[in-house]
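Below is one structure, written out as structure tokens; comments come after it.
The values are calculated or read from the model by the stated rules, or taken from the named source; none is laboratory data. This structure is a prediction, so every number in the text was calculated from the model and none was measured. Positions of Cβ are generated from backbone atoms using ideal geometry, with glycine treated the same way; all protein chains shown enter the neighbour counts. With ligands, DNA and RNA removed, areas are computed over all heavy atoms of the protein, side chains included. Shrake-Rupley method; radii C 1.70, N 1.55, O 1.52, S 1.80 Å.
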Amino acid sequence: MLGQLTTLLEDYGIWGLIAVAFAEASFFPIPPDTLLIPMAIINSRQALFYALVTTLFSTIGGVFGYWIGLKAGRPLLDRMASGENIRKVESMFQTYGGWAIFLAALTPIPYKVFTIAAGVFHIAYRPLVFASLIGRGLRFFAEGLFIILFGPMAQALLAKYFGPLTALVGLAVVLWLVLRQRKGGL
């Protein structure tokens, strides 16, 4: 069923990409990469434009997720994630604030859980937007550049290596934050 939905959204081109980028950041299970990558491969001259659109609308969707968290609160988050995961997210927000959003925006971690949690836990609005723009931008622009550099073969390479690579970058950020915190503060 998700495959059929992805195919339907691909038929809408840029509008499908906008819809998926917005919705995935707040409530939808299909990541925008599933449309961004094939669209960018088909028209690599537009790869960075597609990355920009995906970044902007994913960030706007993240703001919507934040609003959902503020208004619908904890019961919705409880339905989307386990109690243990919610406690981990809350702990990350208490310790690292916007860095937690950045990490989720960059890596394969479910971004929507973090945007909704940001509203539930009332993190500051500006760090949410800034971290979303930077994290999502790094992710989607890296995919666009990778497609420009490697062409159609990029899709297989991204499928195989991009998740682990972003997780590794995320781990490096976490280690840097931990070391920085131990040395005296963020």
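Entry remark, segment 145-186: residues being within 17 Å of the chain's Cα centre (by Cα), modelled with pLDDT of 70 or more and not aromatic (Phe, Trp, Tyr) number 12 in total.
Candidates in segment 10-34 are the residues that are open to solvent by less than 30 Å² (accessible area, probe 1.4 Å) and over 23 Å from Phe102 (Cβ atoms); of these, the one that is modelled with the lowest pLDDT is Gly13. Take Ala100 and decide whether it is under 11 Å from the mean Cα position of the chain (by Cα), in a helix (DSSP H, G or I) and closer than 23 Å to Ile134 by Cβ. Considered against the rule, which asks whether it is under 11 Å from the mean Cα position of the chain (by Cα), in a helix (DSSP H, G or I) and closer than 23 Å to Ile134 by Cβ, Ala100 comes out as no. Whenever a residue of segment 133-157 is closer than 11 Å to Ala47 by Cβ and touching a residue at least 12 places away in the same chain (Cβ under 8 Å), its partners that are loosely packed, with under 15 Cβ neighbours inside 10 Å and among the aromatic types (Phe, Trp, Tyr), lying with C-beta atoms within less than 9 angstrom and at least six residues away or across chains, give the pairs Gly144/Phe49. Looking at segment 49-56, can you tell me whether even one residue there is surrounded by fewer than 23 Cβ atoms within 10 Å (Cβ to Cβ) and touching a Pro at 6+ places or on another chain (Cβ under 6 Å)? Within segment 49-56 (the criterion being surrounded by fewer than 23 Cβ atoms within 10 Å (Cβ to Cβ) and touching a Pro at 6+ places or on another chain (Cβ under 6 Å)), the answer is no, since none of the residues qualifies. Among the residues of segment 103-147, those identified as among the aliphatic types (A, V, I, L, M) and assigned to a loop (DSSP other than H, G, I, E, B) are Ile109, Ile123, Ala124. Within segment 93-139, can you find the residues that are out of contact with any Gly (no Cβ under 6 Å at 6 or more places or on another chain), open to solvent by 30 Å² or more (accessible area, probe 1.4 Å) and within 28 Å of Leu52 (Cβ to Cβ)? Correct list: Tyr96, Trp99, Ile109, Pro110, Ala124, Tyr125, Arg126, Val129, Phe130, Leu133, Ile134, Leu138.
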